[in-house]
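**Student:** Let me give you the structure first, and then I'll get to my questions.
The values are calculated or read from the model by the stated rules, or taken from the named source; none is laboratory data. Note that the structure is a prediction, hence the values are computed from the model and not measured. Quick reminder, even Gly has a Cβ in these numbers, built from the backbone with ideal geometry, and neighbours come from all protein chains shown.
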Amino acid sequence: MSPQLSVLLPAYNEAENLAELVPEIGEVLDAAGIDHEIVVVDDGSTDGTRTVIHGLRSDTVRSIRLRRNSGKSAALAIGVEQVEGEYLALMDADGQDDPAELPRLLDHLATAGIDLVTGRRSVRNDRFVKRTTSKLYNGATAKVTGVPGRDFNSGLKVMRTELARSFQLYGELHRYIPVLAVWNGFKVGELDVEHHERRHGRSKFGRARFWRGFLDLVTVKFLTTYTARPFHLFGGIGFVIGVVGAGLLGWMAVERILGQEIGTRPALLAGVLLVVVAVQIVSLGLLGELMVNLRRRRSLDSTAEGDLR
């Protein structure tokens with residue numbers, strides 16, 4: 001029979017932490033009477049992670065090894081396809097997430113009638129810079145996407161496995177799992193949890209992760225808002241650029257009527273350039289709308305054929 005809960009741990013050079021964390025997770029879930037499995041995804045580690053995982057294998061502990069470091073989203077995507085539990089818990093392998101919170105999160109998932117609960121780190125044991133940038137990121141994510149939340153990027157989450165399989169993770173999209181879940185029609189929530197200092201080693205994420213995260217926020221906004229209506233985005237941008245360009249050309253036309261020389265004026269060149277760019281962007285939006293329409297028609301045709309059969 002499939003276990004009730006699958007715990008998925010993506011790990012990159014976390015040998016010392018895994019040696020302590022995996023047995024601790026098993027003890028907590030056994031004590032709570034939760035039938036479980038623990039799946040560790042070795043994301044191309046170069047330390048002793050592979051050896052440690054091999055020593056931890058048991059009836060409830062499995063592992064997946066990637067030949068090279070592919071990133072957290074890729075590791076999670078591969079792991080999600082392999083888990084067997086009805087519910088799925090995501091945890092970081094650095095020991096900052098408390099295994100004792102898993103039963104409480106699983107219980108909250110059932111009692112609150114939601115599909116995903118994020119462990120909100122009420123008191124974060126991280127550096128000041130990381131805490132500050134995280135607040136900015138969470139605030140921007142909530143405002144841009146319209147999904148309420150204060151800790152989207154928490155590594156500790158419990159969800160229904162069907163939710164995790166309803167979208168594909170890549171790049172840095174693991175940060176936006178709650179947003180993608182809401183987009184797919186699921187209900188999400190947060191619950192305050194304990195957060196600890198990293199047990200061993202150093203963080204594998206550098207400063208670039210914050211810039212990549214904000215760029216992926218643009219990606220998520222586009223995927224969740226404009227996938228079915230790309231012209232609303234490209235048409236709006238093209239319209240604004242076109243209005244600015246047309247305004248500059250109108251100004252130059254008045255200047256020319258008044259006898260001014262405009263052939264070498266930068267405003268003339270800028271106006272022409274903006275109008276040309278606007279036409280291109282609007283055309284791109286129309287092509288996007290055409291592709292969406294064709295996709296819908298094919299979907300309707302295939303559905304109609306299936307009904308006729």
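**Student:** So is GLU14 over 25 Å from PHE186 (Cα atoms) and crowded, with 17+ Cβ neighbours inside 10 Å or not?
**Tutor:** Numbers: over 25 Å from PHE186 (Cα atoms): yes; crowded, with 17+ Cβ neighbours inside 10 Å: yes.
In short, yes.
**Student:** Would the range 174-183 turn up any residue that is part of a loop (DSSP other than H, G, I, E, B), under 25 Å from LEU287 (Cβ atoms) and not charged (D, E, K, R)? Full working, then the answer.
**Tutor:** Within the range 174-183, the first condition is being part of a loop (DSSP other than H, G, I, E, B), and the residues that meet it are none.
No, because not a single residue in the range 174-183 is part of a loop (DSSP other than H, G, I, E, B), under 25 Å from LEU287 (Cβ atoms) and not charged (D, E, K, R).
**Student:** Is it true that some residue in the range 46-69 is within 16 Å of VAL158 (Cα to Cα), modelled with pLDDT under 95, of a type outside the set (S, T, N, Q) and under 22 Å from the mean Cα position of the chain (by Cα)? Give the derivation first.
**Tutor:** Step one: of the range 46-69, the residues within 16 Å of VAL158 (Cα to Cα) are none.
Among the residues of the range 46-69, not one is within 16 Å of VAL158 (Cα to Cα), modelled with pLDDT under 95, of a type outside the set (S, T, N, Q) and under 22 Å from the mean Cα position of the chain (by Cα), which makes the answer no.
**Student:** Another question, then. For residues in the range 248-265 being part of a helix (DSSP H, G or I) and loosely packed, with under 13 Cβ neighbours inside 10 Å, which is modelled with the lowest pLDDT?
**Tutor:** As a first pass, look at the range 248-265 and keep what is part of a helix (DSSP H, G or I): 248-257.
Keeping just the survivors that are loosely packed, with under 13 Cβ neighbours inside 10 Å gives 250, 254, 257.
Numbers: GLY250: 95, VAL254: 93, ILE257: 90.
Ranking the candidates gives ILE257 first.
**Student:** Select, from ARG131, ARG150, ARG121, the only residue that is basic (Lys, Arg), farther than 23 Å from GLU16 by Cβ and in contact with an Asp or Glu (Cβ under 7 Å, 6 or more places away or on another chain). Full working, then the answer.
**Tutor:** Details: ARG131 fails: in contact with an Asp or Glu (Cβ under 7 Å, 6 or more places away or on another chain); ARG121 fails: farther than 23 Å from GLU16 by Cβ.
Step by step, each of ARG131, ARG150, ARG121 is checked, and only ARG150 is basic (Lys, Arg), farther than 23 Å from GLU16 by Cβ and in contact with an Asp or Glu (Cβ under 7 Å, 6 or more places away or on another chain).
**Student:** Now a separate question. Name the pairs whose Cβ atoms lie under 7 Å apart, with the first residue in the range 195-218 and under 25 Å from ALA142 (Cβ atoms) and surrounded by 15 or more Cβ atoms within 10 Å (Cβ to Cβ), the second of a type outside the set (D, E, K, R) and at pLDDT below 75, and 6 or more positions between them or separate chains?
**Tutor:** HIS195/ASN125
**Student:** So VAL147 passes all but one of these: (1) touching a helix residue (DSSP H, G or I) at 6+ places or on another chain (Cβ under 6 Å); (2) more than 12 Å from GLU190 (Cβ to Cβ); (3) crowded, with 16+ Cβ neighbours inside 10 Å. Which condition number does it fail?
**Tutor:** So the condition that VAL147 fails would be (2).
**Student:** Consider the range 93-129. How many of its residues are more than 16 Å from ARG199 (Cα to Cα) and free of Cβ contacts under 8 Å to residues at least 40 places away in the same chain?
**Tutor:** Qualifying residue count, the range 93-129: 5.
**Student:** At least 3 residues that are in contact (Cβ under 8 Å) with a residue 40 or more places away in the chain in each: list the strands (runs of 3 or more DSSP E) lying fully within the range 2-80 that qualify. Even if it seems obvious, please write down each step before you answer.
**Tutor:** Values: elements: 5-11, 36-43, 61-66.
Filter on the range 2-80 gives 5-11, 36-43.
**Student:** I'd like the full set of residues that are outside any loop (DSSP other than H, G, I, E, B) and surrounded by fewer than 22 Cβ atoms within 10 Å (Cβ to Cβ), limited to the range 81-104. First the steps, then the outcome.
**Tutor:** The first filter runs over the range 81-104 and keeps only residues outside any loop (DSSP other than H, G, I, E, B), leaving 81-82, 87-90, 97, 99-104.
Hits for the range 81-104 are GLU81, GLN82, PRO99, ALA100, GLU101, PRO103, ARG104.
**Student:** Residues of the range 1-42 being polar (S, T, N, Q) and over 22 Å from the mean Cα position of the chain (by Cα), which ones? Reasoning before the result, please.
**Tutor:** Kept after step one, since they are polar (S, T, N, Q), are these residues of the range 1-42: 2, 4, 6, 13, 17.
SER2, GLN4, ASN13, ASN17 - these are the residues of the range 1-42 that are polar (S, T, N, Q) and over 22 Å from the mean Cα position of the chain (by Cα).
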